[in-house]
Amino acid sequence: MQKPLRILILEHAAADGQLIEHELRKSDIHYYAKRVETRDALSQEIRESAPDLILSDYSLPLFDAIAAMELAKQLAPLTPFIIVTGSPEEAAFECPKNGVAVDVIREQLARVGPAVKGLLERKRFQEEKERVEEKLRQSEEIFRRIVETAGEGIWIIDPEDKATFVNHRMAEMLGYTVDEMMGRPVFDFMDEEGRAFLRSALARRRQGIAEQYDFRFQRQDGTDLLVIVSATPFFDKDGHYAGALAMITDITDRKHAEQELAAKAEELARSNAELEQFAHIASHDLKEPLRTVASFVQLLARRYQGKLDPNADQYIALVVQGVKRMQEMIQGLLLYSQVGAPRKSGPVACEAEIGRVLANLQLAIEESGAQVVYDPLPTVVVEPQQLCHLFQNLIGNALKFHGAQPPQVRVSAKEKEKEWLFSVRDNGIGIAPQYSDRIFAIFQRLHQKEEYPGTGIGLAICKKIVEGYGGRIWVESEPGKGSVFYFTLPREAAGVAEAEAPSLQRASKRETRETKSTVS
Ligand code: ADP
């Protein structure tokens, strides 16, 4: 139940007080009333019991209603004050402008009830209004803080394209103060090209189109401010264009970093191409004089073998060896420089390519008593010659770097989400983990050529081929426990191939192929 209304009645005649109370009851007002007569009693009651409403007789012998109203206004400015006047003449008193007061003529005392109700209604309305205003103030405060602490610039323009709001971040980005930007046309902050673009963009805003675009403003110091703009139009209640709001993100640093990166990548590609060109020309041009040196040294060896002193024979033999080695290395370098970007190719069945590789390696297989097996392998879109190099280098190494046991080599492939994962496993001498990256670099070897022949170019070529197709190559190994070389090739290429050539799924029922020295 609602709390009773606390009414303070200022009235010297108890009977008149009762009459007023009678009217209140008639109007169904749930109240509690107290009657006072003097100024002191009035101020004490206002202070102690904070009445909801004061009802005062106009003519008081001990006091006067206007003075009472002034006093009540001081002590409780929001408490409604009703004066009951004796006649229309009396009612001509001057009601304080902002005071909450009405007057009721005594002959029409029945108006007391509705007047009280009306006042209460007004009071409730006033309180509600204040509550809503407070909420609005709070939410405006939150909005203001968000806008001011935002890392992004915020810019609002009116239908004349003039700034009606800019946050500090926006002004700071452009090197102005907020005051310097307010009211200015947005076109003041860009060059002619920007203006032409923005004119058409604002025409779209007027059609209700929101959009995001890259843009270039001009800072106060004349430098460029590169940004992403998210712009939204807004309309008044009649549907007329009322302006646009833009959220602006500074991407100057990002753009510069991107440009720098692109320039560096271009520079790197250029210097790589130059290096490859150089390696190609150098190795190609070096072949010729080297061939001359080799043939004359061989001639020297044949003609003068045993005719000079024993030291000379040894020196000649060393020169012959050195020249041979240099020829091999130059040949390797030439090959490396020729393995260029992946060339267009049709689908190639890995199994067919391995067959060719094993035929090439037949002698090494026989000599070492090796067993080479391969599981069902997919088709890939890789140039056949490059695929051949890849398998031949890896299988050739597996045969070459064997320990006391005859080599056992297994080639497999697993289907992954986006790629094929190939592996070439052997039971050879293995590689210490600290060398697992180094061995893929040009001319990097872990052994003397007397121990194991080679130039150290094979794995560098494998890496170049695999990476050319967007794959990776690496080794997992332990000295004495064999090695597994892994490499990946993209499956999209394999996917294309599947339609035209046998796939791994279809091949999977076939048995593992075997090539033994005895069988071959
Ligand atoms: P090369 O075989 O001509 O020496 P590679 O580039 O093919 O050159 O190999 C580089 C080095 O990596 C080899 O010298 C060897 O030390 C090591 N290596 C390569 N394959 C194997 C393997 N299967 N087992 C052990 N070591 C290997």
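Per-residue surface analysis assigns CYS388 an accessible area of about 20 Å², computed on protein heavy atoms at 1.4 Å probe radius.
Under a 1.4 Å probe, what is the accessible area of the range 1-57 per residue, stated in Å²?
Working: 3230 Å² over 57 residues.
Per-residue value: 57 Å².
As a fraction of the 1.4 Å probe accessible area of the chain, surface on carbon and sulfur atoms comes out at 54 percent.
Panel note: the C-alpha atoms of the chain, placed on their principal axes, show extents of 157, 57, 49 Å (largest first).
Express the accessible area of the range 210-287 per residue in Å², computed with a 1.4 Å probe while the remaining protein chains stay in the model. Intermediate values should be presented prior to the final figure.
On the way: 5190 Å² over 78 residues.
For the range 210-287, the solvent-accessible area averages 66 Å² per residue.
Entry comment: accessible area of the range 316-438 is 48 Å² per residue, from protein heavy atoms only and a probe of 1.4 Å. For ALA33, the residues 5 or more places off, or on other chains, whose built amide H falls under 5 Å of its own are ILE7. Bridging of LYS73 to lysines at a Cα separation below 26 Å is possible for LYS3, LYS34, LYS97, LYS117, LYS123, LYS129, once same-chain residues fewer than 8 apart are set aside. Per-residue Karplus couplings for the range 51-62, computed as 6.51 cos²θ - 1.76 cosθ + 1.60 with θ equal to phi - 60°, are listed in order as x, 7, 7, 10, 10, 10, 6, 5, 9, 10, x, 9 Hz, Gly and Pro entered as x.
Taking θ as phi - 60° and the Karplus parameters 6.51, -1.76 and 1.60, the scalar couplings of the range 229-245 work out to 10, 10, 10, 10, x, 9, 10, 7, 5, 8, x, 8, 4, 10, x, 9, 10 Hz in sequence order, x denoting glycine and proline.
When you filter the chymotrypsin sites (Phe, Trp or Tyr not before Pro) in the range 205-263 for DSSP loop state and at most 16 other Cβ atoms inside 10 Å of their Cβ, nothing is left.
In this structure the amide hydrogen of VAL409, modeled in the peptide plane, comes within under 5 Å of the amide hydrogens of GLN371, VAL372, VAL373, none closer than 5 places in sequence on its chain. Test of the criteria: in the range 372-458, which chymotrypsin sites (Phe, Trp or Tyr not before Pro) are in a DSSP loop and have at most 15 other Cβ atoms within 10 angstrom of their Cβ? In loop regions of the range 372-458 (DSSP not H, G, I, E or B), the sparsely surrounded chymotrypsin sites (Phe, Trp or Tyr not before Pro) are PHE443. Close amide H pairs (under 5 Å, H built 1.01 Å from N) link ALA242 with PHE234, PHE235, ASP236, residues at least 5 positions away or on another chain. Residue-wise HN-Hα couplings along the range 267-281, as the Karplus relation 6.51 cos²θ - 1.76 cosθ + 1.60 with θ = phi - 60° gives them from phi, are 4, 5, 4, 5, 5, 5, 5, 4, 5, 5, 4, 4, 4, 5, 5 Hz; Gly and Pro carry x. Computed on the range 351-440, with alpha-carbon pairs under 8 angstrom and 6+ residues apart, the relative contact order is 29 percent.
The values are calculated or read from the model by the stated rules, or taken from the named source; none is laboratory data. Nothing here was measured: the structure is a model prediction, and the numbers come from that model. Don't worry about glycine lacking a Cβ; one is built from the backbone with ideal geometry, like all the others, and counts go over all protein chains shown. Note: areas computed on protein heavy atoms with side chains; ligands, DNA, RNA excluded. Shrake-Rupley method; radii C 1.70, N 1.55, O 1.52, S 1.80 Å.
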